[in-house]
1. Being away from ligand 2 (no atom under 16 Å from the Cβ), open to solvent by less than 80 Å² (accessible area, probe 1.4 Å) and at pLDDT below 95, is that true of even one residue in the stretch A:161-169?
2. Taking helices (runs of 4 or more DSSP H) that fall entirely within the stretch B:1-84, which contain at least 1 residues that are in contact with a helix residue (DSSP H, G or I) (Cβ under 8 Å, 6 or more places away or on another chain), over 20 Å from residue B:149 (Cα atoms) and hydroxyl-bearing (Ser, Thr, Tyr)?
3. Any residue at all in the stretch B:145-154 that's touching a residue at least 40 places away in the same chain (Cβ under 8 Å) and polar (S, T, N, Q)?
4. Which members of the stretch B:115-131 meet the condition of being crowded, with 18+ Cβ neighbours inside 10 Å and part of a helix (DSSP H, G or I)?
5. Only one of these is within 16 Å of ligand 1 (Cβ to nearest atom), under 16 Å from residue A:87 (Cα atoms), within 14 Å of chain B (Cβ to nearest Cβ) and in contact (Cβ under 8 Å) with a residue 24 or more places away in the chain: A:133, A:160. Name it.
6. Before we move on, is residue A:25 away from ligand 1 (no atom under 13 Å from the Cβ) and within 30 Å of residue B:162 (Cβ to Cβ)?
7. Regarding residue A:16, is this residue modelled with pLDDT under 95, crowded, with 16+ Cβ neighbours inside 10 Å, within 16 Å of ligand 1 (Cβ to nearest atom) and aliphatic (A, V, I, L, M)?
8. What's the number of the only condition in (1) part of a helix (DSSP H, G or I); (2) open to solvent by 50 Å² or more (accessible area, probe 1.4 Å); (3) of a type outside the set (A, V, I, L, M, F, W, C) that residue B:89 fails to meet?
Amino acid sequence: MSMLEIKDLKVNYGGIEALKGISFRVEEGEIVTLIGANGAGKSTTLRAIMRVVTSGGGSIFFEGEEITSMDTQKIVNKGIVLVPEGRRVFPNLTVLENLKIGAYLRADQAGIDKDIEHVYSLFPRLKERHWQMAGTLSGGEQQMLAVGRALMAKPRLIMMDEPSLGLAPLVVKDIFSIIRRIHDEGVTVLLIEQNANAALKIANRGYVMETGRVTLTGTGEELLNDQSVREAYLGKSK
Amino acid sequence: MSLTTFLQHCLTGISLGGAYALIAIGYTMVYGILRLINFAHGDIFMMAGYFMVFAVSSMPWPIAIVVVIVGTIILGVAIERAAYKPLRSSPRMSIMISAIGMSYFLQNLATYLFSALPRAYPEIPLLKRIFQIGDLSASLVTFVTPVLTVLLVIVLMSIINHTKAGMAMRAVSKDFETSQLMGIKINNVISMTFVIGSALAAVGSILYFTDRMSVTPFSGALPGLKCFVAAVLGGIGSIPGAVVGGFLIGICETFLVALGYSTFSDAFTFLLLIVMLLLRPTGLFGEKITDKV
Ligand SMILES: Nc1ncnc2c1ncn2[C@@H]1O[C@H](COP(=O)(O)OP(=O)(O)OP(=O)(O)O)[C@@H](O)[C@H]1O
Ligand SMILES: [Mg+2]
């Protein structure tokens, strides 16, 4: 049984078919990446899994249980969390409050306090700035906060939508090493990246999406060496 | 104007302002969460007036007050569920029109049920007791209103700034989808906003009508508009702003009436609105308006 299994998922935005029936799976303990050009439907896929957009067909299973039409709250409770595209930290909440709101559905105060310390150990910058309004953080700090906030839900599967977008190369390296570390701690990762090269290097497997369809799949290495992927996404010629 | 009359008018103005402030909070909170001007809010306040008329006739007033608050909360939440929730993903203008429709609906419903003739508002003997401080004399309600307003605002601000539910409200006011991703139920937070706004409108209505002695189906229209202006003056979305705006309008109105310009006092409120919108469109305490997507 796969941890996450998507079967023939379709999404329409007012008549426009953003997902035309995609299928893929994520096994427990993997890092899986979705790559594809702008507008291919990657973010839509993750938003449909969280049910912040309603799907127009197909089904989604998490650990064997169908979650296609569960509310977002229940899905979060099951252990899936999304780090949304563009960070989306709450600008009017402090750094600490952003972390606390990540644990919104948890009641174990002692565990929450421990996890806040854990997030601080991953991102010491957040500890220094815990009192600061999140809207005044730098882009890189906001991304760290968005990841930290997601970890506060104690997820079993973390989905990240372009976590390295718009960050300086050094910060991108940090983010990727954090992704590895989160994975080493036992969290399964579904990663969307523009930076296909880096993503395929850390991923066990990857899927290539084009205009609402999955067109290619393989291990990270296979895709890195695939001619069409090299040309389209890695900017390398023959 | 002697010092005593001046102070006497200040007291009356502050008291009226307190009631306005409580109503203005309802406008500002709903706007903060939904970016909606709840035009029916003044009429919810009017309905609370009628609830009191009927409640007092069949039970002792302390229980009646509780019944009125609960009834007003139910009405406010029901209006949200019936008229605003189904339009959540429609253009904002549709919800605004729905709110205007709801306002007229409540006025007409009240006319149909209770007739357009003024009903005597029940007197709560305790609130009507005259107190004397030095040369100043006023009924207890005049002293109670500003004190109660300030207390309620302090309680409300600490809920919003220091509780988990308050944190969820602040999050939802900025970003629906991300709040949902945290596991927050948007609809519950919106209902909670209407609960608070309606409860404060109920308290405001008791304080306001106790001084005015009668209620008609249109008693909510003008005070509602004035409190909306108060919220805009203070910077819509800001609770302290709504409170300051409420007091400001209450005091100005009282002095204009005292100086003999009573026909002009309502117009003045709206003049104040126009001047404020020209000079400082975001109001006294407003943040920069960022359009919500
Ligand atoms: N809320 C929406 N309403 C209408 N169309 C939308 C909406 N969100 C996305 N789309 C459309 O759906 C398609 C897929 O969008 P999506 O955001 O999933 O792409 P993406 O693969 O994440 O792209 P990017 O790499 O640029 O983030 C696009 O054509 C987009 O214009
Ligand atoms: Mg995207």
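1. Checked the stretch A:161-169: at least one residue is away from ligand 2 (no atom under 16 Å from the Cβ), open to solvent by less than 80 Å² (accessible area, probe 1.4 Å) and at pLDDT below 95.
2. Once the helices (runs of 4 or more DSSP H) in the stretch B:1-84 are filtered for at least 1 residues that are in contact with a helix residue (DSSP H, G or I) (Cβ under 8 Å, 6 or more places away or on another chain), over 20 Å from residue B:149 (Cα atoms) and hydroxyl-bearing (Ser, Thr, Tyr), what remains is B:3-34, B:41-58.
3. yes
4. Within the stretch B:115-131, B:127 is the sole residue that qualifies.
5. When all the criteria are applied, what remains is A:160.
6. Here the answer is no, as residue A:25 does not meet what is asked.
7. Answer is no for this residue.
8. All conditions pass for residue B:89, except number (1).
The values are calculated or read from the model by the stated rules, or taken from the named source; none is laboratory data. As the structure is a computational prediction, the values presented were derived from the model and not from experiment. Quick reminder, even Gly has a Cβ in these numbers, built from the backbone with ideal geometry, and neighbours come from all protein chains shown. These accessible areas exclude ligands, DNA and RNA; they are computed on the full protein's heavy atoms, side chains included. Shrake-Rupley method; radii C 1.70, N 1.55, O 1.52, S 1.80 Å.
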